[in-house]
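The values are calculated or read from the model by the stated rules, or taken from the named source; none is laboratory data. This structure is a prediction, so every number in the text was calculated from the model and none was measured. No Cβ is skipped: glycine too gets one built from the backbone with ideal geometry, and neighbour counts run over all protein chains shown. Note: areas computed on protein heavy atoms with side chains; ligands, DNA, RNA excluded. Shrake-Rupley method; radii C 1.70, N 1.55, O 1.52, S 1.80 Å.
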Amino acid sequence: MTAHDLYLLSPELSMVGLATALLLLDLFVARKSLILGLGVVGLIVPLGFTIALWFTIGDDSAAENTGVLAGTLVVDKFALFFKFLFIGAVAVVGLISVDYVQRFERFRTEFFALALYSATGMMLMAATVELITLYISLELSSLPLVALAAFLRDGRSSEGAMKFLVLGGISSAILLYGMVYVFGFTGTTYLDEVAARIGDLSANSDQPFGSYALLLGIALLIAGFGFKITAVPFQMWAPDVYEGSPTPVTAFLSVASKAAGFAIILRVFYVAFPVEELSIEWSAVFAALAALSMTVGNLVAIAQSNIKRLLAYSTIAHGGYLLVGLAAVAARTGGDEVDFGPSGVLFYLAGYAVMNLAAFSVVIAISNHINSDAIKDYAGMAKRAPYLAAALAFALLSLTGIPPTVGFIAKVYVFGAAVNAGLEWLVVVGVINSVISAYYYFSVIKVMYLSSPQSDEPILSRFPIRLAVGVTTVGVLVFGVYPIVLLDIAKAAAQALFS
Amino acid sequence: MSLENFLILGAILFAIGLYGALSKRNAIAVLMSIELMFNAVNITAVALSRYVVPASLLGDAASITDQAARTLLTGQIFSIFIITVAAAEIALGVAIVIALYRSRETVFVTDATQLKN
């Protein structure tokens, strides 16, 4: 462990340091609201380190930069891209929980510290290239999330957390079983070595992946990861957990946890199981999961009366759109733009993060005031809170995929990658689903703008929440009108998967 | 003993654990079933790391190469990590069961039905 290694790990180390420092400060600072603010401002440190690493290390693939801790973690632009995403998401979660934490009485600091620990686990997930490390960082990200889901300590919150823990435990066990088979039949847990061994095995055998046991392992991996990204048919936990959890945790789950899941899927499947060298194509499996997730997510969302549950099903549907990008492996048809699919997924994840966080920020601002998440209680919001209603409407338009929002550009990019890879049928399914989704997103907008309000009392929110709503809404607009900067960053990050 | 015996044992334990986790009413029994699944994975990991070291790597027993030793140990290290994380997971699980019991006076997962469409 040299000083250089410490520099490579500095974003994660400073995140853990920040969370621990907040917990210690909590012991002797009387004004607890100060600590949360300090925590959000303190995120500048890991952000600064990540920016420094992006410009100094990002392009340099020299051996001393790529392997930390016996080569289990790498620092490349792909990992750094996700570090930006997780730091941004946890910062917004900190801002929007400013009023919400009052409900936790004594445990306000622990709430944000757990979110920081979870974000650290996600940052490690994006950086890992080894299966054991992958499992440890996955649990580091999900165990704090379970504790956060139970944070309200009432019946609903505990029930959601219990379902999260049990189904999360089952999916972890399935994932581990898959990893163990991949390890057992290749003799290594390093992803690049796995790819090399599978190449050798496939050359000497006409069985998929060289042996049926390995095929079983990979099927189990897909099931385990599918849980993390709420792909149908592994989505059953999501609506209950999203509804029962404190709303800032729901926002964090739907944005950051999902992005982390896609980060490891991209890394594992592009590095360990590159399509052109294998006799069977996993992208067909992801195409099927994509079609199922989009259709089920959107159809069930129509029937929802609770905004958190509606956004939960919308998250499942967006997981489907993201899987379209994952299934779009250009190598299938010999397309020349190999990184079209992965960079589309990265762009979509960033765009989805801003638009979903914008929607959740408004939902929290409103529920702080009216203490309800029922859609019917949003009646006449346009009169009671014109700016919040406009921001929510804009975020929902973006989730539908209507220009000039980031949701439109992201969908164009992902569907374009699918056409490029010869998956026209999947694009047709995706576009039909976008039309279905317009129905339930617009019905929320209709309730806000056309129904008469239940009371005339205006809804006022504090500065941090207004800041979060403002920043994310501007993000939705800017990335939608001028996406080229984010696109270039996503392309540079996706390129790291192919080096 | 051959590798198949261990893999079959692992698969049977995994299936029993999965069945228990999906069918038991008592939350504690569900957590125990999940633990059983983890241990099935452990057995498989250790057995695979013992038996599936490519013969070319092993050579004669006196001169085990670095790479063979690494393969031999990886499965065992994997299982130690699994045991550690599973312990953390169960601690969290029991805490949530207690929270559930305090608010609902039950440890039966079939009674936790407040969240529905």
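Yes/no matrix, rows are residues, columns are (1) out of contact with any Lys or Arg (no Cβ under 9 Å at 6 or more places or on another chain); (2) at pLDDT below 95; (3) surrounded by fewer than 24 Cβ atoms within 10 Å (Cβ to Cβ):
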{"position": "A:268", "(1), (2), (3)": "yes, yes, yes"}
{"position": "A:277", "(1), (2), (3)": "yes, yes, yes"}
{"position": "A:282", "(1), (2), (3)": "yes, yes, yes"}
{"position": "A:287", "(1), (2), (3)": "yes, yes, yes"}
{"position": "A:298", "(1), (2), (3)": "yes, yes, no"}
{"position": "A:301", "(1), (2), (3)": "no, yes, yes"}
{"position": "A:304", "(1), (2), (3)": "yes, yes, yes"}
- Inside the range A:202-213, can you point out the residues that are part of a helix (DSSP H, G or I) and within 18 Å of residue A:178 (Cα to Cα)? A:208, A:209, A:210, A:212, A:213
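Kindly indicate whether residue A:412 is among the β-branched types (Val, Ile, Thr) and open to solvent by 40 Å² or more (accessible area, probe 1.4 Å).
Against the criterion (among the β-branched types (Val, Ile, Thr) and open to solvent by 40 Å² or more (accessible area, probe 1.4 Å)), residue A:412 qualifies.
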- Query: Yes or no: residue A:220 closer than 21 Å to residue B:79 by Cα, more than 9 Å from every other protein chain (Cβ to nearest Cβ) and either basic (Lys, Arg) or surrounded by fewer than 23 Cβ atoms within 10 Å (Cβ to Cβ) (or both)?
  - Reply: yes
- Query: Scanning the range A:392-409 for residues that are of a type in the set (A, V, I, L, M) and crowded, with 24+ Cβ neighbours inside 10 Å, which turns out farthest from residue A:466 (Cα to Cα)?
  - Reply: A:409
- Message: On the basis of being within 9 Å of chain A (Cβ to nearest Cβ), open to solvent by 10 Å² or more (accessible area, probe 1.4 Å), out of contact with any Lys or Arg (no Cβ under 6 Å at 6 or more places or on another chain) and at pLDDT below 95, does residue B:23 make the cut?
- Response: no
- Checking A:126, A:115 in turn, the sole residue that is in a helix (DSSP H, G or I) and more than 22 Å from residue A:151 (Cβ to Cβ) turns out to be A:126
- Task: Go through the range A:130-162 residue by residue and tally those that are under 28 Å from residue A:266 (Cα atoms) and modelled with pLDDT under 90.
- Result: 0
- Give the range A:200-214 a look and list any residue that's aliphatic (A, V, I, L, M) and surrounded by fewer than 22 Cβ atoms within 10 Å (Cβ to Cβ), or say none. A:201, A:203, A:213
- Message: residue A:230 - would you say it is in a helix (DSSP H, G or I), surrounded by 24 or more Cβ atoms within 10 Å (Cβ to Cβ) and at pLDDT 90 or above?
- Response: no
- Task: Check the range A:178-199 and report whether any residue there is of a type outside the set (Val, Ile, Thr), touching a helix residue (DSSP H, G or I) at 6+ places or on another chain (Cβ under 9 Å), surrounded by 20 or more Cβ atoms within 10 Å (Cβ to Cβ) and more than 11 Å from chain B (Cβ to nearest Cβ).
- Result: yes
- Could you list, in sequence order, the residues of the range A:141-154 that are within 7 Å of chain B (Cβ to nearest Cβ) and open to solvent by less than 10 Å² (accessible area, probe 1.4 Å)? A:146
- Item | Residues that are over 11 Å from the mean Cα position of the chain (by Cα), in a helix (DSSP H, G or I) and more than 8 Å from chain A (Cβ to nearest Cβ), drawn from the range B:26-42 | B:28, B:29
- Message: Among the residues of the range A:1-32, what is the count of those that are open to solvent by less than 70 Å² (accessible area, probe 1.4 Å) and part of a helix (DSSP H, G or I)?
- Response: 20
- Query: Is one or more of the residues making up the range A:107-118 touching a Ser or Thr at 6+ places or on another chain (Cβ under 7 Å), buried (at least 24 other Cβ atoms within 10 Å of the Cβ), within 14 Å of another protein chain (Cβ to nearest Cβ) and within 22 Å of residue A:242 (Cα to Cα)?
  - Reply: yes
- Item | Qualifying positions in the range A:382-407 - over 19 Å from residue A:370 (Cβ atoms) and assigned to a loop (DSSP other than H, G, I, E, B) | A:401, A:402, A:403, A:404, A:405
- Message: Regarding the range A:244-265, can at least one residue be identified that is within 28 Å of residue A:121 (Cβ to Cβ) and open to solvent by 10 Å² or more (accessible area, probe 1.4 Å)?
- Response: no
- Within the bounds of the range B:81-92, is there any residue that is within 22 Å of residue A:238 (Cβ to Cβ) and either of a type in the set (D, E, K, R) or open to solvent by 80 Å² or more (accessible area, probe 1.4 Å) (or both)? yes
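Can you go through A:443, A:434, A:451 and tell me which one is modelled with pLDDT under 90 and open to solvent by 10 Å² or more (accessible area, probe 1.4 Å)?
Checking each option against the conditions leaves just A:451.
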- Message: Which of the numbered conditions does residue A:413 fail, given that it passes all the others? Conditions: (1) more than 21 Å from the chain's Cα centre (by Cα); (2) outside any loop (DSSP other than H, G, I, E, B).
- Response: (1)
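Residue A:479: closer than 19 Å to residue A:291 by Cα, open to solvent by less than 70 Å² (accessible area, probe 1.4 Å) and within 22 Å of the chain's Cα centre (by Cα), yes or no?
no
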